[in-house]
Amino acid sequence: MTTHTHTDANTGPHTNAMSRLNLAKAAPKVFRALIGFDAAARDGLDPALVELVQIRASHLNHCAYCLHMHTNDARKAGESEDRLHMVAVWREARHFFTEKEQAALALTEAVTLVADAGVPDAVYAQAAAHFDEQELAHLLALILAINTWNRVALSTAKVAGTDERR
């Protein structure tokens, strides 16, 4: 059973002992397919860029579990604290990121928030100017993968700091 703590406007923090399923155990073929999709999406992309994209999507989706996991992965891969702190406000701190990273972050935001305004032509064109067709396909797949993982973690009430990959 997973215990999920949240804050209610009227009562403050409290624990909801509702049991949430473990997707890996309940649907192992689905879970393995997600892992395979994620691995295929990353193939050929710069590992630092992969983490930036995953961090930004996790910010936007309010997924603490994935945000904790991917900021730790980025640190282990040598990412600077300055850049990690600036991902959420990258537009105001562009000098921390290359033009290619900025294009990837803009595409991440557009795809993650697709219901708001679709993926604007200018955002897509900016990404296409910095990534060849194969890289762009992998970047798009990566964005789709992290959005799926965010939704899995949020739907199943994963708790930040409990990285289950270990």
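So the values come out like this:
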quantity	calculated
Filter result for Val87 (on the phi < 0 side of the Ramachandran plot, in contact with a Lys or Arg (Cβ under 7 Å, 6 or more places away or on another chain) and at pLDDT 95 or above)	yes
Residue, modelled with the highest pLDDT, within region 9-28, restricted to residues that are in contact with a strand residue (DSSP E or B) (Cβ under 6 Å, 6 or more places away or on another chain) and open to solvent by 80 Å² or more (accessible area, probe 1.4 Å)	Thr15
Lone unmet requirement of (1) touching a residue at least 24 places away in the same chain (Cβ under 8 Å); (2) closer than 22 Å to Ser155 by Cα; (3) touching a Ser or Thr at 6+ places or on another chain (Cβ under 9 Å) for Glu79	(2)
Test: Gln102 is crowded, with 17+ Cβ neighbours inside 10 Å, over 16 Å from the mean Cα position of the chain (by Cα), over 18 Å from Asp163 (Cβ atoms) and touching a residue at least 12 places away in the same chain (Cβ under 8 Å)	no
Residue ID - farthest from the chain's Cα centre (by Cα), chosen from residues in region 109-159 that are part of a helix (DSSP H, G or I) and among the β-branched types (Val, Ile, Thr)	Val123
Test result for Thr156, among the hydroxyl-bearing types (Ser, Thr, Tyr), modelled with pLDDT under 95 and open to solvent by 50 Å² or more (accessible area, probe 1.4 Å)	no
Filter pass, Ala141 being touching a residue at least 12 places away in the same chain (Cβ under 8 Å) and buried (at least 18 other Cβ atoms within 10 Å of the Cβ)	no
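The values are calculated or read from the model by the stated rules, or taken from the named source; none is laboratory data. Fair warning: this is a prediction, and the values are worked out from it, not measured in the lab. Backbone-built Cβ (ideal geometry, glycine too); neighbour counts: all protein chains shown. To get the accessible areas, we keep the full protein, side chains included, count just its heavy atoms, and leave off ligands, DNA and RNA. Shrake-Rupley method; radii C 1.70, N 1.55, O 1.52, S 1.80 Å.
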